[in-house]
Amino acid sequence: MKTLSKIYLVILLPLLFLSFSAINFAQVNTKLLESKVEKTIGGYYSDHFDISASNEGVITIKGTTNTLFDKLKIGELISNVEGVRSINNKIEVQTEPTPDNIIKYNIENELELNNIILEPKNIIVDVSNGVVNLSGTVSYFREKLMAQSIASWQDGVVDITSSIKVLPSSKAKSDDNLKQLIADILQKHFSLENKVNYTVSNGIVSIGGSVSSLYAKDHIQEEIQNLLGVKEVVNTLTLQAL
């Protein structure tokens, strides 16, 4: 019996050691990930943020910013950090209190200043309690994104909703052309992401499958959005298991 007990101990002790090592390794990884996120944000912002990482690669960030633009920008920066698989952005926007009519005027004025790129007369701005709603039509998806970005950096804006529709001009690419352009993008910039599939119907691009990182998920969508003729991108990409 003593011999059997010794055998069990010989078998169990290494297993217990490996279990504790795995736990410690996971803990080290979360600290490393938090450090990488903090360093990335610190390259752009001097403000202090409370950053925590889970073993699954989920980053939770808390703190305050002066504009909605900064909150969204910080989320974008975090998504580029290797190892981040999801973001829980709990940053609060503490902007200067500004009357809705002033916010509306500032956004419309800024849109007009960018009339070489945008079509301000076709974009409708409504504001209620600091929440901006953009509607109307544009010719490019990137115009829609730019209008949202312009609104996000104005004082008093706490959130944005957008129902702007993209109505491409006659120069827009056909669905078949878009499919080829998307194939080229994936091959040139995301050649390692070989589990991505997509469909194009009347300018609406649906991308699915799985990718290796949050960075790839976001940037594949970003590249496709810049194509002339894309009205909308439906992104159902998932992250591959670690």
**Message:** Whether any residue in region 133-141 is within 22 Å of the chain's Cα centre (by Cα) and either in the same structural domain as LYS73 (by TED's automatic domain parsing) or within 30 Å of SER52 (Cβ to Cβ) (or both) is what I want to check.
**Reply:** no
**Request:** Please specify each residue of region 53-64 satisfying the condition of being within 18 Å of the chain's Cα centre (by Cα) and at pLDDT below 95.
**Result:** ALA53, GLU56, GLY57, VAL58, ILE59
**Message:** Against the condition farther than 26 Å from VAL132 by Cα and surrounded by 14 or more Cβ atoms within 10 Å (Cβ to Cβ), how does SER54 come out, does it pass?
**Reply:** yes
**Complete:** Requiring at least 3 residues that are in contact (Cβ under 8 Å) with a residue 24 or more places away in the chain, of a type outside the set (A, V, I, L, M, F, W, C) and surrounded by fewer than 18 Cβ atoms within 10 Å (Cβ to Cβ), the strands (runs of 3 or more DSSP E) wholly within region 124-242 are 131-138, 159-162, 204-211
**Fill in**
Taking region 65-115 and keeping only residues that are among the polar types (S, T, N, Q) and outside any helix (DSSP H, G or I), one is left with THR65, ASN66, THR67, ASN80, SER86, ASN88, ASN89, GLN94, THR95, THR98, ASN114, ASN115
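Determine whether VAL81 is more than 21 Å from GLU232 (Cβ to Cβ), β-branched (Val, Ile, Thr) and buried (at least 17 other Cβ atoms within 10 Å of the Cβ).
yes
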**Hits in region 198-240 (condition: among the aromatic types (Phe, Trp, Tyr) and under 13 Å from the mean Cα position of the chain (by Cα))** = TYR215
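The values are calculated or read from the model by the stated rules, or taken from the named source; none is laboratory data. Note that the structure is predicted; figures quoted are calculated from it, not measured. All Cβ positions, even for glycine, are placed from backbone atoms using ideal geometry, and neighbour counts span all protein chains on display.
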